[in-house]
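Each remark here refers to the structure printed beneath this line.
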Amino acid sequence: MIPVYRILNSVRRTAVRFFGAAVLPELCFCCGKRTENGLPLCRNCLAVRTARAGKRRLLSAEEGRCRVCGRELVSAAEACPDCREEAVFEFLDKICALFPYSAEHSGMLSAWKTAGIRLYSGIFAGILAAVFRAEGLTAEVCRERRLALVPVPPRPGKIRQAGWDQIRELCAVLRREYRLPVSDCLVRDAGIQQKHLGRAGRRLNIKGRIRMKRGRCPPEIAVVVDDIVTTGATLDSCAEALKSGGSRRVIGLTLFFDD
């Protein structure tokens, strides 16, 4: 498991990198207790989430979870009812979604994406790194297996409007602090924001809008990183582009899942 002190040190370096100092909330967002050096998550709450993430698997099968969407199963079947009834994904091989989109988690995500508390980039990176560590996917092993993280591309104009993209920054921290290979090889064309659409609308809206960057080759095993999965339409569109470019296997890795 990733030591909590290592994640905290990474978060502090991120604070200096973006703010010059860790001047942030002094109370843990989850439990309300005072945190170390004003970080948004206390050592205990971070340790609990890191341990839970360390029990997940990217490449191998997960007992008690749907082999497609990764949600917990209530029967002995290999797939959940939704994934059995229809082909939810055309191109994506598997999703590893770590935590339910509960009230506290939605608040953390909003603080990161909307309020711009960028120290969450370091916290979330440490949690995702625990998944790789648990499966023995060190930087060297990833390169040997031609595996790399692929950030979901932002919509056109997002970086110009917001000044940053949280998924690219998350992957940048994973590359810088944990030496995991990252391939920023996808681009997204303009369209309606996915969050305003239902399940069918999301699939139609995103189809064909994500493609390979010109002249780029995707990893053989691509781990597509996003913050939250709802219908999986964006991840599946990424998988389509990656497989058209030569990826053999595409796995979605997200922090949260929304039922």
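None of the figures in this text is laboratory data; all of them are computed from the coordinates on show. Quick caveat: nothing in here was measured; it's all calculated off a predicted structure. Virtual Cβ from ideal backbone geometry, glycine too; neighbours counted across all protein chains shown.
Please list 50-60, 234-244 highest first by mean number of surrounding beta-carbon atoms within 10 Å per residue. It would help to have the intermediate numbers written out before the result.
Numbers: 50-60: 16.5, 234-244: 23.7.
In decreasing order of mean packing, 50-60, 234-244 become 234-244, 50-60.
Using the count of nearby Cβ atoms within 10 Å as a rough guide to exposure, how do F257, F132, F91 rank from fewest to most?
Working: F257 20, F132 24, F91 16.
Ascending number of Cβ neighbours within 10 Å: F91, F257, F132.
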For each pair in K207/K243; K55/K213; K55/K94; K33/K55, compute the distance between the two Cα atoms and list the pairs where it is over 24 Å. K55/K213; K33/K55
Taking the Cα centre of each part, how many Å lie between the range 235-259 and the range 102-173? 15
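Just want the ordering: V4, V74, V224, from fewest to most Cβ atoms lying within 10 Å of their own Cβ. Before the final figure, lay out the partial values.
Working: V4 18, V74 9, V224 27.
Least to most surrounded, the residues fall as V74, V4, V224.
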Apply the Karplus parameterisation 6.51 cos²θ - 1.76 cosθ + 1.60, with θ equal to phi minus 60°, to every residue of the range 59-75 and state each ³J(HN,Hα) to the nearest whole Hz, in sequence, with x for glycine and proline. 8, 8, 5, 10, 5, x, 10, 4, 5, 9, 8, x, 6, 5, 9, 10, 9
